[in-house]
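The values are calculated or read from the model by the stated rules, or taken from the named source; none is laboratory data. All of these numbers come straight from a predicted model, not from anything done at the bench. Cβ: placed from backbone, ideal geometry, glycine included. Neighbour counts: every protein chain shown.
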Amino acid sequence: MQLYIGLDVDPDALQKAQAQINTILHGDSSDSTSKLKGHTFLKNYRHIKYVLREVDEKLLTPGVNGILMDLGMSSMQVNNAQRGFCVRSNGPLDMRMNPRASLKAEDILNSWPDVDVGRILREYGEESNWHSLQDQIVKARQKGGLHSTADLVDLIRNSTSRRKGGRQGWIKTATRVFQALRIAVNDELNTLKETLYTCFDCLAPGGRLAVISFHSLEDRIVKQTFLNIINSDRGDENKEVKCTRDLREINDDDDDDDDHDGDEEAWIRQQIRGSNGIILTKRPISPSEEEERFNCRSRSAKLRVIQKV
């Protein structure tokens, strides 16, 4: 690799990454990695074309060799109570990935129409108890509103039946509610869908786009968008794509190729070919047991890879 370009909307995360990158680039002048050039940008990955053009317009023709999208929160963000992402630590109802953005979780909970709050809980949190929670959130506004993560957790705890998961059942509900609010605050799913097409368009022939997702909503979008991309005209997201029936009905769990991991033909069977690209991961790649022991937060990660032709 000769050139690395990193993007993040969180200035703290970018600063930490920049320090590590500088160590790699300049830590040992005798090392061959010192020939690597690196650039970092405080940008959302939806602006990747702009960033590539700013570094070198030639990067867009014919394109780059590889793009990795690592979705979701970092441990650094979760561990900082002031960011508002953690269920178990009290802090402001913020949840912004980009601290320069205006919308906060507190704004949604205290001022958005109740139907929109319910929709967020239902669609982004996949929370079955969404209607009851929606009503409790609206009632809380009449008592001054919700202004801290502790306020929200107390509301969830008091609204969750003990029959759902026992005394600790509220934690699962709170996790889903926090996820829903975070997705809404950062417009994560719309940004993801838009960016997948943009990133694929930035690839050179043979280049690969790898995406690590951390919950089913993200993974579902990556899976379906990859299917659309390989069969659409130049990966155009605005074109209505009709995939063949067998592609639409792919089930991540219906493969029995695990017994042939070393078989080249088995690897080919894991691929899905289209006119524009090849999905190299018919089923997503999950962390090994060893990796989960080393990093417990990786257990929900799923990796999918697409290659441009």
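Checked against (1) touching a residue at least 24 places away in the same chain (Cβ under 8 Å); (2) in a helix (DSSP H, G or I), Asn190 passes all but a single condition, namely (1).
Pick out, from the stretch 1-94, the helices (runs of 4 or more DSSP H) lying fully within it that include 3 or more residues that are among the β-branched types (Val, Ile, Thr). Please lay out each step first, then the result.
Values: elements: 11-26, 48-55, 75-79.
By residue number, 11-26, 48-55.
Ile212 meets the conditions (1) without any contact (Cβ under 8 Å) to a residue 24 or more places away in the chain; (2) in a strand (DSSP E or B); (3) of a type in the set (A, V, I, L, M, F, W, C) in every case but one. The failed one is (1).
Of the residues that make up the stretch 67-84, is at least one farther than 28 Å from Asn295 by Cα and either buried (at least 16 other Cβ atoms within 10 Å of the Cβ) or in contact with a Leu (Cβ under 9 Å, 6 or more places away or on another chain) (or both)?
First, the residues of the stretch 67-84 that are farther than 28 Å from Asn295 by Cα: none.
No, the conditions are met nowhere in the stretch 67-84.
Could we say that Gly38 is in contact with a helix residue (DSSP H, G or I) (Cβ under 8 Å, 6 or more places away or on another chain) and closer than 22 Å to Val211 by Cβ here? Against the criterion (in contact with a helix residue (DSSP H, G or I) (Cβ under 8 Å, 6 or more places away or on another chain) and closer than 22 Å to Val211 by Cβ), Gly38 qualifies.
So, in the stretch 141-157, exactly how many residues are small (Gly, Ala, Ser) and either in a loop (DSSP other than H, G, I, E, B) or at pLDDT below 90 (or both)? So the answer is 2. Taking first residues from the stretch 54-71 that are farther than 21 Å from Val305 by Cβ and partners that are part of a strand (DSSP E or B) and modelled with pLDDT under 95, the Cβ contacts under 6 Å between residues at least 6 apart in sequence or on separate chains come to Val55/His39.
Rundown of residues vs (1) at pLDDT 95 or above; (2) charged (D, E, K, R), yes/no style:
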{"site": "Ser159", "(1), (2)": "no, no"}
{"site": "Arg162", "(1), (2)": "no, yes"}
{"site": "Asp187", "(1), (2)": "yes, yes"}
{"site": "Leu192", "(1), (2)": "yes, no"}
{"site": "Ala204", "(1), (2)": "yes, no"}
{"site": "Ile221", "(1), (2)": "yes, no"}
{"site": "Gln224", "(1), (2)": "yes, no"}
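Within the stretch 1-18, take every residue that is within 20 Å of Phe85 (Cβ to Cβ), touching a residue at least 12 places away in the same chain (Cβ under 8 Å) and out of contact with any helix residue (DSSP H, G or I) (no Cβ under 6 Å at 6 or more places or on another chain) and give me the one that is surrounded by the fewest Cβ atoms within 10 Å (Cβ to Cβ). Ranking the candidates gives Pro11 first.
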